[in-house]
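First comes the structure, then the notes that go with it.
The values are calculated or read from the model by the stated rules, or taken from the named source; none is laboratory data. Small disclaimer: the values here were computed from a predicted structure and weren't measured. Cβ sites come from the backbone with ideal geometry, for glycine too, and all protein chains shown count toward neighbours. Just so you know, the surface numbers come from the protein's heavy atoms only, side chains and all, with ligands and any DNA or RNA stripped out. Shrake-Rupley method; radii C 1.70, N 1.55, O 1.52, S 1.80 Å.
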Amino acid sequence: MKALKFGGSSVSSPERIRSVAKIILSAAKKEQVIVVVSAFQGVTNQLIECARMAEKGDQSYFSVYNKIAQRHTDTLHQLCAKRLTKSDRAIVQKNLVELQKILQGINLLRHCPPRALDVVASFGERLSAFIISLYLNLKQPSQFVDTRGLIITDDNFTQAAVMFDQTTTALQKYFKRLFAENSKKLIPVVTGFIGATEDGRTTTIGRNGSDYSVAIIGAALGVSIIEIWTDVDGILSADPSIVPSAFVLPNISYEEAMELSYFGAKVLHSAAIAPAVAKKIPVLIKNTLNPSAAGTLVSDRVNDWKAVAKGITSIDGVTLFTLRGLSMVGVPGMAERLFSALADHHVNVILISQASSEHTICFAVTGSNAAQVRRAVAHEF
């Protein structure tokens, strides 16, 4: 069994979805596959924009909503018009009406807490996966799978942490029953990016979380390989817009992939590797526009590398903080107090440096966390 993930420009239009379907059906001829999909390209941003506009009382949010609704209904009819049932239309329409009502509620209250934002953002994957499953079903038995109730998380909305024990149990139980009750040719099309708390509240596991979703599912089910299909031939040695001579890396280790992705390589979500590492499942990065390209294989195999550097990356929007004071010299526990305070405020530290004299601690965070850092440090010290 293998797990495949498609997102971004791979699901940007009916034409691209048809190409994706060919890749899926070709793989399904050889072995059982599970498919994880993202929202149609750009839709998650539009949904979040829509919610923020509604919160501010900007009535043009309804125009953005109409564009989202029209795009999905148009795609549905272009892909499935010949065999589209009233029931299928009704399910898509029900989702769109539910989204509209939630946005109206946000607009009336002029308030969009993270919990509401997660519900709004979830519609991208829910609609995308359902429509793609309908199209695949024209060719081969396929079923839409909603990961709410399967990927169990805490209630840190917009950046929910996965509860792996509960999630693994739920996934194994669900797919064991699904495959037992259906033909081995059945292709599950699963929502990426979203989950739910134990009491059923919708959550999201971070932007680009569909990579993470497919790794979680793949690890839980013990698949032979995880394939992440993008719009590039694999992981590049550098950003080609900055380094014209950048080339595709044929294979890299898990550790190298985690470092490259965390520090700027956008082709792979930094958290997506962790579940694969735990089960030693190889991850293959492939290009939907060029399926014949070999791609990049990420595994526990480490190859000799003759060049000076395997990859060069960079991160924008980083803020550097310095905590300094003579009263810090020789006082035990200062670093512990600082980083415990940051953790309590859900701040992720990118880089840490401490002077040998111990009177200075420097650390870097993403710019969006700067205000939280100031509050945490002011409260603690």
- Query: If you stretched the chain out fully between LYS184 and VAL308, how much longer would it get, using 0.36 nm times the residue separation minus the C-alpha to C-alpha distance?
  - Reply: 39.9 nm
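Counting only C-alpha contacts under 8 Å and six or more residues apart, can you give the relative contact order of the chain as a whole percent? If you can, show how the numbers build up before the last one.
Numbers: 691 pairs, mean separation 56.9, N = 381.
Computed value for the chain: 15 percent relative contact order.
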- Where the centroid of each part is defined by its Cα atoms, how far is segment 176-206 from segment 253-311 in Å? 25
- Query: Where the Cα atoms of segment 237-381 are projected onto their three principal axes, how long is each span, largest first, in whole Å?
  - Reply: 61, 35, 29
- Taking a point 7 angstrom from the Cα of GLN100 along the C-beta vector, which residues in segment 64-92 have backbone N less than 19 Å away? 64-77, 86-92
- Item | Hz values of 3J(HN,Hα) by residue in segment 282-299 - Karplus curve (6.51, -1.76, 1.60), Gly and Pro given as x | x, 10, 10, 9, 10, 10, 5, 7, 9, x, 6, 5, 5, x, 10, 9, 9, 8
- Largest-first principal axis extents, alpha carbons of segment 127-228, Å: 39, 26, 25
- By how many degrees, 0 to 90 and rounded to 10, does the Cα axis of helix 14-28 deviate from the longest principal axis of the chain? 90
- So the FRET efficiency between VAL243 and SER9, C-beta based with R0 = 22 Å and rounded to 0.05, is 0.50
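Taking all protein chains in place and a 1.4 Å probe, what share, in percent, of the accessible surface of segment 158-264 do carbon and sulfur account for?
On the way: 2510 of 4730 Å².
Answer for segment 158-264: carbon and sulfur cover 53 percent of the accessible area.
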- Task: Could you list, in their original order, any pairs among LYS29/LYS176; LYS30/LYS306; LYS22/LYS101; LYS56/LYS82 whose Cα atoms are separated by more than 31 Å?
- Result: LYS30/LYS306; LYS22/LYS101; LYS56/LYS82
- Could you tell me the accessible area of TRP229 in Å² (1.4 Å probe, neighbours in place), rounded to the nearest ten? 10
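Please identify every one of the trypsin sites (Lys or Arg not before Pro) in segment 161-219 that sits in a loop by DSSP and has no more than 16 other beta carbons within 10 Å of its own beta carbon. Let's see the in-between values first.
Working: sites: LYS173, LYS176, ARG177, LYS184, LYS185, ARG201, ARG207; in loops: LYS184, LYS185, ARG201, ARG207.
Sparse-neighbourhood loop trypsin sites (Lys or Arg not before Pro): LYS184, LYS185, ARG201, ARG207.
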- In straight Cα distance, which lysines are under 27 Å from LYS310, not counting same-chain residues fewer than 8 positions off? LYS5, LYS266, LYS279, LYS280, LYS286
- Task: Pull up all non-local amide H partners of ILE151: gap of 5 or more, or a different chain, and H-to-H distance under 5 Å with H placed in the peptide plane.
- Result: ALA196
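Counting alpha carbon pairs within less than 8 Å and at least 6 residues apart, what relative contact order, in whole percent, applies to segment 1-98?
Working: 76 pairs, mean separation 25.8, N = 98.
Over segment 1-98, the number comes to 26 percent.
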- Taking placed amide H atoms and a strict 5 Å upper bound, the residues 5 or more places from VAL232 or on another chain that come that close are THR288
- Work out the charge dipole of the chain with +1 on the Cβ of Lys and Arg and -1 on the Cβ of Asp and Glu about the Cα centre, then indicate which of PRO240, HIS77, LEU150 is farthest towards its positive end. HIS77
